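For reference, the structure discussed in these notes is given below.
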Amino acid sequence: MVLTAVEIAASVRAGKLDPVRVTEEALERIAAADGVVGAFRRVRAEEAVKEAAEVAARPELASLPLAGVPVAVKDVTEIAGESATHGSSAGPSAPAAADGVIAARLRAAGAVLIGLTRVPELCIWPMSDTPDGIARNPWDPTYAAGGSSGGSAAAVAAGLVPLAHGSDGMGSVRLPAAMCGLVGLKPSAKLLSEGGWFGMSVHGPLATTVADTALLLSVLADSPELASVSSPSGVRIGMSTTVPLLHTPVPRELVAAVSTAAEVLAAQGHALTPAAPRYPATMVLGMTARWLAGPAEQARGFDFAALQKRTRAHVRAGRLVERAGLIRSRTRDLWVARAEEFFREHDVLLTPTLSHWPVKAGRWHERGWLPNVLPSTRLAGFTGQWNFAGYPAITVPMGRSAVSGLPTSAQLVARPGEERLLLGLAAQLEKANPWPRTARS
């Protein structure tokens, strides 16, 4: 069993663990299991060992929050000497001259950047396969690990590393975290904006415990106070298991996971009532327009003819959306006004994370656009609207399916800036309803 990030960092700071040995052990786990799991696009074996030795020699080692912790980073991250491919062979291949903000903050905190994780091309889809590999769910490798942070989720859930960085534009941290039985947090837009998809995409952590999630969030956001998790009381929680606007059926066990979460939170003294925001019909149109046009904007720096078939269709649709002027601020403003209306009466919204079970693992990148869109939209009924609104949301494991053995989960949403409230509620769920940390537990 791999130690938690909190445990590794504390032991390294105290001189009880050697960062080089910690890194070597992680590399051994990756070598043994990643041939099946497919989490990594590139493992930085030599570089990571060298970086670990540099961490061990740092004079401020005893104060580093992620001292010696191996962290996987999503393949959208600028790392000096590495190229971020965004899951595509059609983009620029020159290595970055310097670390971007995420890599720089991780290094400053003492983390060891052990590798770049697999993503779907341009991070569009909730399944992470590329021509050279498939990110598989460690609980059952016949299922996809999700996406677009699927490689990051697979790496953590398989116990290869304790922490991974992801990004979330329509659920891309929360969906794979839910599929793989992890904690995944999408922060407020203003806290960790990733800059893509017209403001919908943000950076976020994936971890096996709430404490590790809080720790990585605090480093990514450069806000040390976020690492401290406190237990909230008297929270007003609205609960809904109905897919907004579409009302498509949600599998029974995914609904039951929300009921379990509600029972646990009620036992903690929180007030739960059936309630949901008044979702405007234009909400789906607004976030879908950004999901289409965001990758189209990014693809301007790519060789269009070299993109995958499904991506070319997506980019064409996105360009039509842009030309038609469908990225409208008033669409978002109406939805935010409705969300604010709900959160005047409630502190938190509780929903399922997934609106359907994960798809089977496979070479989805070889299929057309519609065969990818249809299962994608079935999965993500509860997530993308909170990217559109810019509100924070966290997914928490709640158990496993008696039928498939796959994890089940619940999602908690709060007002912008309330990440600590979400972490506190997640910690109460974790304490009362503990989950196996990895598929190897």
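The values are calculated or read from the model by the stated rules, or taken from the named source; none is laboratory data. Small disclaimer: the values here were computed from a predicted structure and weren't measured. Note: ideal-geometry Cβ built from the backbone for every residue, glycine included; neighbour counts use all protein chains shown. Side chains are part of the model used for accessible areas, which takes the heavy atoms of the whole protein and leaves out ligands, DNA and RNA. Shrake-Rupley method; radii C 1.70, N 1.55, O 1.52, S 1.80 Å.
Annotations for the structure displayed:
- Orientation-averaged projection of the range 1-73 equals 4.8 nm² [convex hull of Cα atoms, one quarter of hull surface area].
- Between the residues 235, 130, 304, the greatest Cα displacement towards the positive end of the dipole of the chain, with unit charges on the Cβ of Lys, Arg, Asp and Glu, is found for 304.
- Listed by number, the DSSP H helices of the chain that run 18 Å or longer by alpha-carbon position along their axis and have mean Kyte hydropathy of at least 1.0 are 252-267.
- Computed about the Cα centre, the dipole magnitude for the range 14-74 is approximately 200 debye when only Lys and Arg (+1) and Asp and Glu (-1) carry charge, each at its Cβ.
- Spatial separation of Cα centroids for the range 213-267 and the range 46-61, in angstrom: 36 Å
- Think of the chain as a dipole: +1 on every Lys or Arg Cβ, -1 on every Asp or Glu Cβ, centred on the Cα centre; then among 314, 73, 91, 314 lies furthest on the positive end.
- Within the chain, DSSP assigns beta bridges of which about 65% are antiparallel (rounded to the nearest 5).
- Alpha carbon Rg of the range 363-430, scaled by the compact-globule rule 2.2 N^0.38 Å: 1.41
- Result for the chain in a Gaussian network model with C-alpha springs under 10 Å: among 83, 228, 329, the largest mean-square fluctuation is at 329.
- Sequence-separation-based contact order of the range 169-327, relative, with Cα cut under 8 Å and 6+ spacing, percent: 16 percent
- Relative pair counts by distance (%), Cα atoms of the range 104-247, 10 Å bins: 12, 38, 36, 12, 1
- Basic side chains Lys and Arg get +1 at the Cβ, acidic Asp and Glu get -1 at the Cβ, and with that the dipole of the chain about its Cα centre reaches some 1180 debye.
- Size descriptor, Kirkwood hydrodynamic radius, that averages inverse alpha-carbon separations across the range 256-374, Å: 17.6 Å
- Per-selection metrics, the range 96-144 (Cα): Rg and Dmax in Å: 14.3, 39
- The order of the peptides 113-125, 68-80, 46-58, 211-223 by mean Cβ neighbours within 10 Å, most packed first, is 113-125, 68-80, 211-223, 46-58.
- Of 254, 320, the residue with the largest accessible area leads and the full order is 320, 254 (1.4 Å probe).
- Square roots of 5 times each gyration tensor eigenvalue, C-alpha, the range 296-434, largest first, Å: 32, 24, 12
- Plainly put, the range 30-117 has a radius of gyration that is 0.99 times its Kirkwood radius, both from alpha-carbon atoms, as the Rg/Rh ratio.
- Per-atom-type breakdown for the chain gives carbon and sulfur 55% of the accessible area (1.4 Å probe, protein chains only).
- Along its principal axes, the range 65-176 has C-alpha extents of 37, 32, 24 angstrom, given from the largest down.
- Percent of C-alpha pairs per 5 Å bin, the range 183-257, short to long: 3, 13, 15, 15, 18, 19, 13, 4, 0
- Taking 168, 34, 333, 99 and ordering them by how much accessible surface each has at a 1.4 Å probe, largest first, produces 333, 99, 34, 168.
- Peptide packing for 407-416, 144-153 was compared via the average number of neighbouring C-beta atoms within 10 Å per residue; ordered from the highest value, the list is 144-153, 407-416.
- In summary, the chain shows an alpha-carbon radius of gyration equal to 0.90 times the 2.2 N^0.38 Å reference for compact globular proteins.
- Between the range 270-328 and the range 376-437, the alpha-carbon center distance in angstrom: 23 Å
- Whole-number percent relative contact order across the chain, with pairs defined as alpha carbons under 8 Å at least 6 apart: 18 percent
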